1. What number goes with the only condition from (1) within 19 Å of residue 248 (Cα to Cα); (2) part of a loop (DSSP other than H, G, I, E, B) that residue 188 does not pass?
2. Within the range 221-238, which residues are on the phi < 0 side of the Ramachandran plot and part of a loop (DSSP other than H, G, I, E, B)?
3. On the basis of being touching a helix residue (DSSP H, G or I) at 6+ places or on another chain (Cβ under 6 Å) and under 22 Å from residue 83 (Cα atoms), does residue 1 make the cut?
4. Inspect the range 12-23 for any residue being part of a helix (DSSP H, G or I), exposed (fewer than 15 other Cβ atoms within 10 Å of the Cβ) and at pLDDT below 90 and give the result as yes or no.
5. Out of 312, 316, 326, report the one residue that is under 17 Å from residue 248 (Cα atoms), in contact (Cβ under 8 Å) with a residue 12 or more places away in the chain, surrounded by 14 or more Cβ atoms within 10 Å (Cβ to Cβ) and in contact with a strand residue (DSSP E or B) (Cβ under 9 Å, 6 or more places away or on another chain).
6. Within the range 153-185, track down each residue that is under 18 Å from residue 66 (Cβ atoms) and assigned to a loop (DSSP other than H, G, I, E, B).
7. Kindly check whether there is at least one residue in the range 32-41 that is within 29 Å of residue 140 (Cβ to Cβ), in a loop (DSSP other than H, G, I, E, B), within 18 Å of the chain's Cα centre (by Cα) and at pLDDT below 85.
8. When you look at residue 196, is it surrounded by fewer than 17 Cβ atoms within 10 Å (Cβ to Cβ), over 16 Å from residue 255 (Cα atoms), touching a residue at least 60 places away in the same chain (Cβ under 8 Å) and under 23 Å from the mean Cα position of the chain (by Cα), yes or no?
């Protein structure tokens with residue numbers, strides 16, 4: 001049913017940056033990889049490919065090594081369109097639909113080292129629990145609506161999970177970690193993966209802003225409380241932000257997840273770190289942290305005084321900033337050394 005794959009590849013093409021159809025038969029198209037983004041600074045880089053092989057379509061990225069059959073690729077990008085695709089496949093086959101055909105592994109020639117961008121190990125860790133990927137939820141599910149409402153791109157939503165019972169999930173993974181309670185509650189799950197894709201902890205984010213918003217559970221206390229280690233590119237600068245959700249809007253970034261990360265523990269070259277603290281000039285804690293980083297010789301971002309929103313996600317939701325505007329603003333407001341001290345003095349209000 002290659003014609004169906006081709007049809008839906010053309011439908012999803014409007015969502016793929018730098019998409020170019022190279023050949024109709026056998027099918028070959030080129031685009032920026034929606035999994036790794038290809039390049040943080042060169043927007044012309046496009047190393048993702050949709051190609052036909054042995055009568056089937058696959059997606060492959062020459063940058064991160066992501067390798068998927070087309071059905072899996074389509075499901076990651078758009079679950080609703082994937083549902084339509086499956087129904088059309090059912091009608092075409094005129095028989096019961098074997099879902100194993102959708103999730104089976106690609107042919108041997110598509111083997112790749114996708115550990116840094118893979119979610120398979122997370123799935124195994126959560127296997128047998130009540131935790132599922134946000135990208136697999138129906139569009140009208142409240143957790144999916146919450147993530148969409150935060151304007152997190154579909155290509156990043158596979159990094160987030162949902163559990164209807166956080167206490168139950170935690171105690172399944174770490175028996176006796178939390179007191180048993182009849183009033184369990186749902187949370188957004190933010191997995192912490194190391195560079196090999198191993199799950200070493202996670203955060204549970206409340207769907208409301210009341211009570212305890214974030215609860216962090218560590219499965220390996222020797223690891224730093226950091227989100228995004230599995231997606232780092234050590235060759236480029238690394239943005240170090242405070243919140244995991246904020247990190248989803250910046251290229252090559254990690255989140256400190258509620259604690260100060262010693263960057264020499266997570267980066268091969270700590271000088272690559274650029275700290276992006278929340279935009280809170282009246283916070284003694286934030287100002288002290290920025291002063292400390294500047295004294296240590298790190299680069300910091302000091303937001304323009306005209307920006308009122310406190311973090312990157314708020315700038316998008318309430319300030320009306322586009323991602324490109326935020327990227328430009330951040331790159332234009334990176335300071336270090338004496339200029340950082342002077343700019344911080346102008347910015348702080350404590």
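The values are calculated or read from the model by the stated rules, or taken from the named source; none is laboratory data. As the structure is a computational prediction, the values presented were derived from the model and not from experiment. Reconstructed Cβ throughout: ideal geometry from the backbone, glycine too, with neighbour counts over all protein chains shown.
1. (2)
2. Keep residues of the range 221-238 that are on the phi < 0 side of the Ramachandran plot, which gives 221-227, 229-238.
If the condition is that a residue be on the phi < 0 side of the Ramachandran plot and part of a loop (DSSP other than H, G, I, E, B), then 221, 222, 223, 224, 225, 226, 232, 233, 234, 235, 236, 237 are the ones that fit.
3. On the way: touching a helix residue (DSSP H, G or I) at 6+ places or on another chain (Cβ under 6 Å): yes; under 22 Å from residue 83 (Cα atoms): yes.
Against the criterion (touching a helix residue (DSSP H, G or I) at 6+ places or on another chain (Cβ under 6 Å) and under 22 Å from residue 83 (Cα atoms)), residue 1 qualifies.
4. Within the range 12-23, the subset part of a helix (DSSP H, G or I) is 12-15.
Adding the requirement that they be exposed (fewer than 15 other Cβ atoms within 10 Å of the Cβ) leaves 13-14.
Remaining after also requiring at pLDDT below 90: 13-14.
Yes, the range 12-23 contains a residue that is part of a helix (DSSP H, G or I), exposed (fewer than 15 other Cβ atoms within 10 Å of the Cβ) and at pLDDT below 90.
5. Working: 316 fails: in contact with a strand residue (DSSP E or B) (Cβ under 9 Å, 6 or more places away or on another chain); 326 fails: in contact with a strand residue (DSSP E or B) (Cβ under 9 Å, 6 or more places away or on another chain).
One residue alone meets the criteria, 312.
6. Correct list: 153, 160.
7. Yes, the conditions are met somewhere in the range 32-41.
8. Judged against the criteria, residue 196 is a match.
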